[in-house]
Amino acid sequence: MAVTYYTLALCTSKGGFEAIPRPKLALNLAEARDRLRAAGIDVTDARVMLIAAMEREVTLSRDGRVLIKSRDAEEANRVFAELRRVVGLPDTPDAASASG
Amino acid sequence: MLMSGGIDSPVALHYLLRQGHEMTCVHMDNRPFTDDSPLAKVVDHLEVLRARYGQKIPMYLLPHGPTQVQLMRETDRHVGCVLCRRFMWRSAERVAVREGATFLATGESLGQVASQTLSNMRTATASVALPIVRPLIGFDKHEIESVAKAIGTYEISTRPGLCCQAVPSKPATRSNLVQILQEEQRIDVDQMLDDVLKHATVL
């Protein structure tokens, strides 16, 4: 089944943008952590989630949920694209459009 | 007084100040599991209440993110909120002892979130010895919001911000102290608390 990250939208408390994969993923966070660090990105590894200090701080959960600590849609899209590139998250070229 | 940046804690603080208590506040800094907004809100809440009551109200800013990381790595996620809460209480109690305070206080009311079931409150507060005052325990959300609007803290509390990212997808609403104590054997509680207090900042 194809995975889509079709939501990159303001989270319920309006503090950041989140992207939720459908269906949920089962990411190898250790591998994701290593990829991020290899790209020179500082990562806090809380085992069930990673917090990456990218252009804006990003939380990546094992189920693939991404939370970007930015309230700027353009910035959030940029960070999300970079995260997907570095970690190798499933590619959905037409799906990741931020909306406020 | 534990201050979160939410709607409830400044209202609870307002009632205690109104009764004439000299208060010291504690904010558990949950970054990177949240953003800067809770701290900014607490700072603004205190500004409003300091002006209203003419009291200095010192605030201890304590780092809680490293504790959360350790809890997430070493303990059962299902009871993460209770374990987190126990650290908040213990940290607040250490501040209270340092300040010579005679009680702890929060803005908790029954049943609003996972950490506020009676079962979880009991398990969480079994970690401390000082009495705990909860001025809002029987209030409903609407009543609390009305007071928050009246005292000028509601607009601050409801500014955009991130929810705690460390909350598990299915937090326990009923917790068992025996299980909680077993979970805490996986970590060095005293060392973690020492680290928290060592990095305290007073605002």
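Readers should treat all values here as calculations from the given coordinates under stated rules, not as data from a laboratory. The model shown is predicted, which means the values in this text are computed figures rather than measured ones. Virtual Cβ from ideal backbone geometry, glycine too; neighbours counted across all protein chains shown.
Please give the helix B:141-151 orientation as an angle from the longest Cα principal axis of chain B, in degrees from 0 to 90, rounded to the nearest 10. Helix B:141-151 sits at roughly 40 degrees to that axis.
Per residue of A:43-51, other chain Cβ atoms within 10 Å of the residue Cβ number 5 on average. Each peptide in B:158-168, A:30-40 gets a packing score, the mean of other Cβ atoms within 10 Å over its residues, and the list from highest to lowest is B:158-168, A:30-40.
Comparing B:107, B:138, B:80 in a Gaussian network model of chain B where C-alpha atoms under 10 Å apart are linked, the largest mean-square fluctuation is found at B:138. Once you sort the root eigenvalues of the Cα gyration tensor of the stretch A:17-69 as a ≥ b ≥ c, which label holds: rounded (a/c under 1.5), prolate (a/b larger than b/c) or oblate (the other case)? Taking the square roots of the gyration eigenvalues as a ≥ b ≥ c, the stretch A:17-69 is oblate. Take the Kirkwood radius over Cα pairs of the stretch B:1-67, plug it into Stokes-Einstein at 25 °C and 0.890 mPa s, and you get 203 µm²/s for translational diffusion. Highest-first packing order for the peptide set A:50-62, A:73-85, B:169-181 is A:50-62, A:73-85, B:169-181, based on the mean count of other beta carbon atoms within 10 Å.
Residue exposure proxy: B:60, B:154, ordered by other Cβ atoms within 10 angstrom of their Cβ from fewest to most, comes out as B:154, B:60.
To the nearest ten degrees, helix B:189-198 and the longest principal axis of the Cα atoms of chain B are 40 degrees apart. Toward the positive end of the charge dipole of chain B, with +1 on the Cβ of Lys and Arg and -1 on the Cβ of Asp and Glu, the farthest Cα among B:33, B:11, B:180 is that of B:11. For helix B:8-18, what angle does its Cα long axis make with the longest principal axis of chain B, in degrees from 0 to 90 and rounded to 10? With both axes taken from Cα atoms, the answer is about 50 degrees.
When Rg and the Kirkwood radius Rh are both evaluated on Cα atoms of chain B, their ratio Rg/Rh stands at 0.94. Total lysine pairs in chain B at Cα distances under 30 Å, for residues eight or more apart or on different chains: 10. Taking every residue in B:33-41 and counting other chain Cβ atoms within 10 Å of its Cβ, the average works out to 3.
Calculate the mean, over all residues of peptide B:149-160, of how many other protein chain Cβ atoms lie within 10 angstrom of the residue's Cβ.
Working: counts 0, 0, 0, 0, 0, 0, 0, 0, 0, 2, 3, 7.
Per-residue shielding by partner chains comes out at 1.
Under the rule a/c < 1.5 gives rounded, and otherwise a/b versus b/c splits prolate from oblate, where does the protein assembly as shown land using the Cα gyration tensor? It is prolate, given that a/c is not under 1.5 and a/b is the larger ratio.
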